[in-house]
Amino acid sequence: MTRRISILGCGFVADLYLRSLQAMEGIEVVGVYDRDATRLDHFCAHWGLPKKTSLTAFLADAPEGGVILNLTNPSAHYELNRACLEAGHHVYSEKPLATDLDEAKALCALATERGLLLASAPCSVLGETAQTLGYALRKGIAGTPRAIYAELDDGFVPQAAYRKWLSETGAPWPYEDEFRTGCTLEHAGYYLSWLISWFGSVRTVVAASAETIPDKTGTGPMAPDLSIATLFFETGPVTRLTCSIVAPHDHSIRIIGDSGVLRCDAAWDNSAKVTYAKRMNLRRKLVESPFPRRVKLGRPTHPKVKRWGAAAMNFMLGPAEMLEALEQDRPCRLSTAFALHMTEVTLAMQNAGETSGAQRMTTRCDPMEPMPWAR
């Protein structure tokens, strides 16, 4: 059975979705729209996709029971997500769901009222690496988890050659938009989604954020380029999560358990190694094994995508999960509650500044059902 999607926005990230789509079966793109007519023409010609000449036509022609992928700039997410929902369509939104919590809550309330699915990227939580770590936690491989350190540092990006970063069809990396939106809103979800999927709701966020690099390219105001958060879960270990475009590249996550440490060093790779280093006493010194063993699921998982740029992720895992949930009439793993809670925690980190202190979360969600091949 063919599953149908429509794509709103043909910028830098859209090519990553289309390259991922090549690895999937049974998903058809039935319409594409972008307000930039030249970009729309080039994108659709390259990928052989049907274009729509207006937002009105795009929404009118989007098939019932399909999913709209909102891949537009973050500042337009609330307005366009709302338009899609009001037109009666299920929506998969690039992150963030909205840049304001009240707007995100309004979107989720509208989706619930209309009986529609509303999900948010990132979908790497459905990928092999995240699911392998989840499996290791459920099996107690490292014992009871006591603390987690997670890093999403991307290097000193303002000095990078970002003007030369182009997508497959030549779309430039939207550096001004990235600097205004902020690395926390753009990237925190890569580990937040994993953490929330394993442990459920974050009860309290204690965070600080700052703009440490002034005079970035573009018109301001610019968002914080560094955030550090301590997350207290309802049922889970205390976690420290760092996001920056300042510190040297580090995408590692370490789960410290009673008997050792689970680790992964590549959040943006669906096939990244998950390792376990047992803790031991060597003479009078306490150490983790210098020869960690790899943790594997030992069964087929999901279609993989070759590395492009900084990532080796299948961006279509999320839309595919939504379509499958609709087809099977079951709850979607990327639920509306999941998207809203992740958005609230992310905004709490981004907007923390230096005086916000402890922030109690007002939303919640349950842990995520593992993928069938990770049980």
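Bear in mind these aren't lab numbers, they're just calculated from the coordinates by the rules spelled out. The structure presented is a predicted model; accordingly, all values stated were derived computationally and were not measured. FYI the Cβ positions are ideal-geometry reconstructions off the backbone, even for glycines, and counts take in every protein chain you see.
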Exercise. With labels modelled as points extended 7 Å from the Cα through the Cβ direction, what inter-label distance (nm, one decimal) is found for R138 paired with S356?
Worked result: 3.2
Exercise. So how do W194, W268 line up by other beta-carbon neighbours within 10 Å, fewest first?
Worked result: W268, W194
Exercise. Restricting to the stretch 267-342, what percent of DSSP beta bridges are antiparallel, rounded to 5?
Worked result: 90
For this session: Give me T362, T343 ranked fewest to most by other Cβ atoms within 10 Å of their Cβ, as a rough exposure proxy.
Result: T362, T343
Exercise. Which residue, T144, T72, T129, tops the fluctuation ranking in a GNM of the chain built on C-alpha contacts under 10 Å?
Worked result: T144
Seminar exercise, completed: Counting sequence-distant residues (5 or more places) and residues on other chains, those with an amide H built under 5 Å from that of E28 are R3, R4, I5
Exercise. Which of the peptides 44-57, 283-296 is most tightly packed, and how do the rest follow, judged by the mean count of other Cβ atoms within 10 Å per residue?
Worked result: 44-57, 283-296
For this session: Could you work out how far the C-alpha centroid of the stretch 215-271 sits from that of the stretch 40-54, in angstrom?
Result: 36
Exercise. Counting only residues 5 or more places away or on other chains, whose amide H sits under 5 Å from the amide H of A312 once H atoms are built in the peptide plane?
Worked result: D269, N270
Exercise. In the Gaussian network model of the chain, springs joining C-alpha atoms below 10 Å, which of A14, A229, A272 carries the largest mean-square fluctuation?
Worked result: A272
For this session: Post the alpha-carbon centroid distance, the stretch 185-204 to the stretch 89-155, in whole angstrom.
Result: 6
Seminar exercise, completed: Everything considered on the Cα gyration tensor (a ≥ b ≥ c; rounded for a/c under 1.5, else prolate if a/b is larger than b/c, else oblate), the stretch 76-234 must be described as oblate
Exercise. Which lysines, on any chain, are close to K273 with Cα under 23 Å apart, when same-chain ones fewer than 8 places away are left out?
Worked result: K139, K296, K304, K306
Exercise. In terms of modelled amide H atoms, which long-range or inter-chain residues lie less than 5 Å from the amide H of S259?
Worked result: G143, T144
Seminar exercise, completed: Magnitude of the Cβ-charge dipole (Lys and Arg +1, Asp and Glu -1) of the chain about the Cα centre, nearest 20 debye, reported as 1980
Exercise. Which ³J(HN,Hα) values, rounded to whole Hz and listed in residue order, are derived for the stretch 161-168 from phi using the Karplus coefficients 6.51, -1.76 and 1.60 in 6.51 cos²θ - 1.76 cosθ + 1.60 with θ = phi - 60°, glycine and proline given as x?
Worked result: 7, 5, 5, 9, 7, 10, 6, 4
Exercise. So if we plug the beta-carbon distance of E327 and R284 into 1/(1 + (r/R0)^6) with R0 = 51 Å, what FRET efficiency do we get, rounded to 0.05?
Worked result: 0.30
For this session: Determine the calculated [θ] at 222 nm for the chain from helices alone, applying -39500 (n - 2.57) to every DSSP H run no shorter than 4 residues and normalising by the residue count; nearest 500 deg cm²/dmol.
Result: -9000 deg cm²/dmol
